[in-house]
Each structure stands twice: as C-alpha cells, then as structure tokens.
Amino acid sequence: MTSPGELRRRTLETVSRPSYSISRSDMVLLNDNANLFGTNPAVAEVADRFDFTRLWAYPSENSDSLRSRIASEFGVSTEEVIVGNGSDELLDMASKCFLDPGDKFCSPSPTFGMYRFYARVNLATIREKLLRPDYSLDSAEILSERAKLTAVCQPNNPTANLFGRDEVVRILNESCGAVVLDEAYSDFSGSNMLKDAMSAPCTMDIRTFSKAYGLAGLRAGFAIARKEMVDELRRVRTPFGLNSFTEAVAARALDHKNWVKDVVSRMKVERSYLDGRMKALGFLTRPSECNFLIAKCPVKGPDLVASLRTKGVAVRDCSMFPMMEDFIRVSIGPRPMMDRFLAEVEPLVQGVGR
Ligand code: PMP
C-alpha cells in the first residue's frame, strides 16, 4: 500500500504549473489578459495619502475594511466576503479546504489551468469533462462525477464564451460538493451570477481586481459566499494575506466605476477591430465575451506563437487544450498594441489559408 508521503511525492512529480513568465520587459504582453488600458487611478490617489511610515505595522488580519467595502458594493454582509492575494489564492484555498487526497475534482475542459493545478497539489483525482463542440456546457456531464469540488468559469477562459445560465445554475444547485464559480471576466461580459451563487447550497463566487479593475500587479481578489462557507475557507487562509497598501487601493478602486466602464467600452471597440483584421488574415476567430480573442490559426499555432515571441509579441498558445489545436489567445489592448501584433503576424501567415 502506498503511504501518504509516497503518494504526495509521486503526485507532485507529475504536477506542472502553467508558466506565465516572460523574460523580456519590452515585450508586448498580449498573453495574460491583464488590463492593457492602464492602471486604476485608485493607485495614484491612495499613494498620495497613504501613510507609508506605518508599514512597520501588520495590516488587519482579515482585511476587514476591504471586506466591508466589497460587502456594501455587492449587497452582502462582511461575513460573506473573503479576500485573497489575487483570486488565485482563493482557488488555492478552495482546493485546500474541500479536497482530501483522492477526492474528485471536476471542471469542464478546456478551462482555466490553475483549477487543475491546485487540485493536483492537494492530491485530488481530476475529472475534466469536455465541453460540447460549440464550447457549450453540459451540466449533466459535470454533475455525473459527483465531485467534492467543481469549478466553473463564467464567462470561460480560454474559450471566451458565456455558458448557458440554466446549465450553470443546475451545477450550483445540484452539486453534491462545493462549487467555485469564477467570474473573473464578468465585468467584460456584463453577466453576474452572484444571486444564483448565494442561493445555492455551497458555492463561492470568485472575482478579481486583476482584469477590468486594472490592478493585476497589486494582487487582490475576493470571493463571496454564504457565511458558513467563508468560515470554512478562513480555516486555511494565511493571516495578513493582503498588504495594507493593496487593501486600501482595492477598496478605492471600487469607487472608480466610470473608469472601469470606459475601459470595457474601449476594449470592445478594439476587440471588434482585431476580430475583423484577423479574419481578413485567415484566422477563424470565435465570438468573445472577454478581454481577449481566440482564433484558429491558418498555420501551426505553436510555431506562430514562437515566431511572434522572437519579434517581441507574446500571445497565448492554446494548442495544449483539447478542442483548441492551433488556437491562439490574444489579449485586447489599445490600437497601437493591436496594430503591432497585426504587423508582426501578417508576414507569418501571408498567403496561407485564404
Ligand atoms: N480566474 C481566471 C479565469 C483567470 O483567467 C485568472 C487569471 N488569468 C484568474 C482567475 C486569476 O487572477 P488573479 O489571481 O490575478 O486574480
């Protein structure tokens, strides 16, 4: 019989974390869906009045002022909010909290790769259920696994679409375990399933300040869930998980709705510009509800991504995902970035596939 230590060692040997690092600082970063339209004005405002001489002191253990600001913003109580160092930390907490070795973790596939990573680190058994060929979600398939933890990304990264609301609601309501509902990109799609999450028995609705809020470098995310679930998650949370500057900026960022609205509408203009230009180059783009476009390349996707890197443009290679062979994912940014990408990609696909 395999000892728990041996099981852990063997499993961790097979775990590989998706790599995000790009070595060149002059790269155009169209690979990680950060907010390429800029940094939230809350950073400069808070920096102006923040008492940096008090950084000798610990922040509040559970980021109470940010939690209470989030609670008032979303119409829930402070006890129903938990914050993390990026929403990634909340995904980590969910896996630590709800998965014991051998437990089943289930998600649709393709989806955000970090769900699988955290589940593997916690020695869970991974059950990924393919989306339908049109990337729609089959809730019956997911529910049939009776997993201890299920993750659903709405809208979904990397396929860029919103799943049918009824399918998602069914998963929230009928799962026999806990559910992570990841709404990282909902500010772009205008969707919001918080009410559904709060009326389901065991769902955490995860949000981030890294995308539309323009604060990826600050690392702040949060989850809203019923108090009992937040209490469970808190058992595995690092105390003082958010630094005090981040806490103050994230709270202030919630006041900048017009800035976020403006980013979202500018992003949509650039997304449809890029869509048209890529189609003309022979890419098969898919409809997107997010701040990125996915497209099947008229040439080998991994080769295209590698060539673009040598030219200083980073895009995401999606070929490792099922149903996405030769797909790339391109984050949307201001026109000069889109034109730089187009100028570099055009000679690489010239005369192919049209
Ligand atoms: N969820 C999804 C679907 C994402 O795409 C990302 C980042 N790419 C995250 C969560 C994590 O974001 P962060 O840790 O920056 O909040």
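Restricting attention to the stretch 96-111, the residues that are within 16 Å of the ligand (Cβ to nearest atom) and either among the hydrophobic types (A, V, I, L, M, F, W, C) or assigned to a strand (DSSP E or B) (or both) add up to 4.
Residues in the stretch 225-241 include none that are within 20 Å of the chain's Cα centre (by Cα), surrounded by fewer than 13 Cβ atoms within 10 Å (Cβ to Cβ) and not aromatic (F, W, Y). Inclusion of A251 among residues that are aliphatic (A, V, I, L, M) and assigned to a helix (DSSP H, G or I) is warranted. Evaluated against (1) near the ligand (Cβ under 9 Å from one of its atoms); (2) at pLDDT below 95, P201 falls short on exactly one condition, (1).
If E183 meets every condition in (1) closer than 29 Å to E45 by Cβ; (2) of a type in the set (D, E); (3) surrounded by fewer than 16 Cβ atoms within 10 Å (Cβ to Cβ) apart from one, which number is that one? So E183 meets the others, but not (3). Cβ-Cβ contacts under 7 Å between residues 6 or more apart (or on different chains), taken from a first residue in the stretch 186-215 that is under 18 Å from L91 (Cα atoms) and charged (D, E, K, R) to a second residue that is within 11 Å of the ligand (Cβ to nearest atom) and assigned to a helix (DSSP H, G or I), are listed as R207/S87. Can we say T246 is at pLDDT below 95 and more than 11 Å from the ligand (Cβ to nearest atom)? Answer is no for this residue. Name the single residue, out of those in the stretch 117-130 being more than 15 Å from the ligand (Cβ to nearest atom) and not in a strand (DSSP E or B), that is surrounded by the most Cβ atoms within 10 Å (Cβ to Cβ). Per the stated criteria, the residue is A124. Annotation: M114 fulfils all but one of (1) within 12 Å of the ligand (Cβ to nearest atom); (2) more than 16 Å from L12 (Cα to Cα); the unmet one is (2). Of the residues making up the stretch 131-155, those that are in a loop (DSSP other than H, G, I, E, B) and away from the ligand (no atom under 16 Å from the Cβ) are R132, P133, D134, S136, D138, S144, E145, R146, A147, K148.
Where strands (runs of 3 or more DSSP E) fall wholly inside the stretch 254-354, the ranges with 1 or more residues that are out of contact with any Cys (no Cβ under 8 Å at 6 or more places or on another chain) and farther than 23 Å from S210 by Cα are 292-296.
The values are calculated or read from the model by the stated rules, or taken from the named source; none is laboratory data. Please read all numbers here as calculations on a predicted model, not as lab measurements. Positions of Cβ are generated from backbone atoms using ideal geometry, with glycine treated the same way; all protein chains shown enter the neighbour counts.
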